[in-house]
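Q: Dumping the structure here so I can ask a few things about it.
Where a number appears in this text, it was derived from the coordinates with a stated rule and is not lab data. Small disclaimer: the values here were computed from a predicted structure and weren't measured. Note: ideal-geometry Cβ built from the backbone for every residue, glycine included; neighbour counts use all protein chains shown.
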Amino acid sequence: MSFLSKQFIDVIQWTEPEDGILAYRYPMEDMEIQTGGKLTVRDSQLAIFVNEGRIADVFGPGLYTLNTNTLPILTYLMNWDKAFKSPFKSDVYYFSTRLQTNQRWGTATPITIRDKEFGAIRMRGYGIYAYKIADPKLFYQKVSGTRDLYQVPDLEGQLRNTIVARMTDSFAQSSVPFLDMAANQAALGQKIVEAVRPSFAELGLSLENFVVENISLPDELQKMLDQRISMNMIGDMGKYTQFQVAQSLPIAAANEGGGGIAGVGVGLGAGLTMAQSVMNAMKPGQTTPGEQAPPPPAPAADTKFCTNCGNKISRTSKFCPECGTAQQ
């Protein structure tokens with residue numbers, strides 16, 4: 001009666017009910033596979049038979065009739081002969097080989113690298129990648145195991161951390177300065193792919209696509225970089241300061257309690273004084289506000305020379321004290 005009460009499976013097939021499923025265990029509770037039954041594996045799938053915890057046969061896309069000819073390893077494990085006709089018990093797992101696209105990666109915290117121009121800097125990046133299952137046997141052994149359902153979110157953290165770790169190594173070995181990274185994102189992405197692919201392959205996965213969308217500095221460092229860029233764009237600091245003072249005149253005139261024109265004059269004088277100080281500090285040979293200016297040269301004495309002997313005498317002298325010659 002127990003034999004008659006069992007359910008026999010004639011057709012084994014699986015269609016994905018939703019996106020994001022990587023592995024699915026076909027329900028086998030109180031059910032046995034009928035010898036001569038059909039196994040359907042679609043183009044975007046792979047299937048494996050597991051007998052008593054050991055992987056037996058792996059099937060690619062196609063329609064199979066289950067017998068000792070199509071299950072050679074399982075036949076060997078169960079010591080079946082060619083005349084075997086009885087139903088058998090085995091676990092069947094389906095694996096989706098579709099591309100898992102638009103997977104996000106990014107640095108949870110900024111990573112520190114050494115840059116040729118700025119020295120040690122902290123930077124962050126993010127982007128997308130796509131992968132698929134390439135080796136279902138390896139994926140089953142190392143990742144999904146005997147779970148009834150294994151989905152993309154279950155693997156997301158592992159893959160993201162692996163990418164960030166390899167990305168740090170790639171950036172550390174890169175000779176591209178930070179300011180040139182934006183123009184070389186495709187090349188950087190390719191270097192990261194080369195570093196990450198072996199780690200994906202160890203899990204039975206194939207990294208098919210990898211994109212670096214953005215590389216940037218943390219907010220505080222980005223502000224400092226913006227200031228540096230602004231200084232380079234300003235060029236002549238003295239003219240820029242005068243321009244800023246001129247721009248502030250309407251604001252100063254509109255302020256209450258500023259003393260009207262007098263307040264504007266005070267602000268203008270302070271601004272021009274500041275501008276002059278900055279300009280003087282940037283000119284070589286000029287004194288800074290804290291330095292003493294050298295004393296002016298003494299005026300020349302009120303003297304003249306004797307027309308006869310050439311001796312220096314007072315300009316008001318009528319006669320030369322040396323030779324006695326009358327002076328004009």
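Q: Taking the range 1-153, how many lysine pairs are there with alpha carbons less than 16 Å apart, if each pair must be eight or more places apart or span two chains? The partial results should precede the final answer.
A: Working: 6/89; 38/85; 38/89; 132/142.
Taking the Cα cut-off of 16 Å, the pair count is 4.
Q: To continue, here is another question. Can you list residues whose amide H is under 5 Å from residue 22's amide H, if they're 5+ apart or on another chain and H is modeled 1.01 Å from N?
A: Close amide H contacts, sequence-distant or interchain: 150, 151, 152.
Q: Can I ask one more? Quick check on packing: order 313-320, 66-73 by the mean number of other C-beta atoms within 10 Å, highest mean leading. If you can, show how the numbers build up before the last one.
A: Details: 313-320: 12.4, 66-73: 16.4.
Ranking the peptides 313-320, 66-73 by packing returns 66-73, 313-320.
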